[in-house]
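Step one of this worksheet: look at the structure below.
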Amino acid sequence: MRTVQNTLRLLAAAAVLSSTTAAAQNTGAENYPSRPLRLITGFLPGGVSDTVARVTGDKLGELLGQRVIIDGRPGAGGVLSMELAANANPDGHTLYMGQPVITISPNFRNKPPFDPLKAFTPISLIGFGSTMMVVHPGTPASNVKELVAYGRSQPPGTLRFGHSGMGSTNHLAGELFTVMSGVKLTAIPYKGAAVNIIAVLQGEIQIAMLPTLAAIPHVKSGRLKAIGMTGSKRSPAAPDVPTIGETLKGFDVPVWYGFIVTAKTPVAIVNKLHTETQRAIRTPEVKDRLASQGVETQPATRAEFAQLIVDDAARWKKLVKDAGIVFE
């Protein structure tokens, strides 16, 4: 009888502890946020990344009942902003506009002073952007097959492609093309998409990887030729342009956007942020506004977002090794 009574007391104590812990977690989430949120980004105002942050952040703030203030910290290929976010107070009031710099930067020679894959907790995937491979009209190729054939007929390195910085997704898209096609391209870095566009329009380079919406006007005017999309599926903004992967099977360079937070942030707060961000990207005003920027929103669980980050990191690690890329 005493054993039964002891067991019942233990069960009752466990139930009280469990309910107390749950209540504490819920209380933390209920009182959150207690002040405006800071959303750190690593890019200048006016670009696609900045627009994704502002549009989604504004709606998230509306749903949470607090402002979301954008804190742009460009520099060091996005590593500067990432370091600030990683060292933020883990109370959920500082978010980071996550992008592939998180998964690419571990391959830099000058690595971040922390492991980006362990320093953050994923909150919510927002969606995917699209990048278009274009060529100067003087280049005798109008699709991937013709570009590969032309490239193979030239001395290695003859074809030059422009990108917006070492370690950027459009840089690695060109390197992946080299590995998968067997056509050795020479990478030429530029400071942003605007300069990259000018370079290919003037014939300084034959190939450029450009944000889709920035490329479309020049393709429509005949000043550039669209070769293919770098993602796994065609872009709603340019449905007639095939993916590179339709010819080079397995070619995929995802440009993802999502909110993340420093790793020690309480789970209850992370879950609340996830729920409200997912609500935000399902609203017509966010979904349509981002679509106008070439970004397709993508609802996902936290586990799915976490797996995307892991898979992306493995992809870039393999490419850097296969292509022998050395990031300065």
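Out of the residues in region 240-287 that are within 20 Å of VAL68 (Cα to Cα) and without any contact (Cβ under 8 Å) to a residue 40 or more places away in the chain, state the one that is surrounded by the most Cβ atoms within 10 Å (Cβ to Cβ). The extreme case among them is LYS287. Of the helices (runs of 4 or more DSSP H) entirely within region 210-323, those holding at least 2 residues that are modelled with pLDDT under 95 occupy 212-220, 284-291, 302-323. May I ask you to verify whether LEU84 is in contact with a Ser or Thr (Cβ under 6 Å, 6 or more places away or on another chain), outside the structural domain of ALA214 (by TED's automatic domain parsing) and part of a helix (DSSP H, G or I)? When the stated conditions are applied, LEU84 does not pass them.
Only one of the numbered conditions (1) in a loop (DSSP other than H, G, I, E, B); (2) in contact with a Ser or Thr (Cβ under 6 Å, 6 or more places away or on another chain); (3) over 22 Å from LYS264 (Cβ atoms) is violated by ALA53, and that is (1).
Here region 199-217 is the region considered, the condition is being within 17 Å of SER292 (Cα to Cα) and of a type outside the set (S, T, N, Q), and the residue that is surrounded by the fewest Cβ atoms within 10 Å (Cβ to Cβ) is PRO217.
The listed residues are ILE281, ILE269, and the only one of them that is of a type in the set (A, V, I, L, M), more than 20 Å from the chain's Cα centre (by Cα) and not assigned by TED's automatic domain parsing to the domain that holds THR178 turns out to be ILE269.
Number of residues in region 52-98 that are farther than 29 Å from MET166 by Cα and aromatic (Phe, Trp, Tyr): the value is 0.
The residue that is surrounded by the most Cβ atoms within 10 Å (Cβ to Cβ), counting only those in region 53-87 that are farther than 18 Å from PHE43 by Cβ and among the aliphatic types (A, V, I, L, M), is LEU60. A Cβ distance below 8 Å, combined with a sequence gap of six or more or placement on separate chains, defines the contacts here; from region 143-171, residues that are touching a residue at least 24 places away in the same chain (Cβ under 8 Å) and in the same structural domain as THR212 (by TED's automatic domain parsing) reach residues that are crowded, with 22+ Cβ neighbours inside 10 Å and aromatic (Phe, Trp, Tyr) in the pairs PHE161/PHE177.
The residue that is farthest from ILE126 (Cα to Cα), counting only those in region 56-79 that are among the small types (Gly, Ala, Ser) and in a helix (DSSP H, G or I), is ALA76. Exactly one residue out of PRO189, PRO211 is of a type outside the set (D, E, K, R), closer than 29 Å to ILE123 by Cα and in the same structural domain as ALA149 (by TED's automatic domain parsing), and it is PRO211.
The values are calculated or read from the model by the stated rules, or taken from the named source; none is laboratory data. The structure displayed is predicted, hence computed values, not measured ones. So basically every Cβ, Gly included, is an ideal-geometry build from the backbone, and we count neighbours across all protein chains shown.
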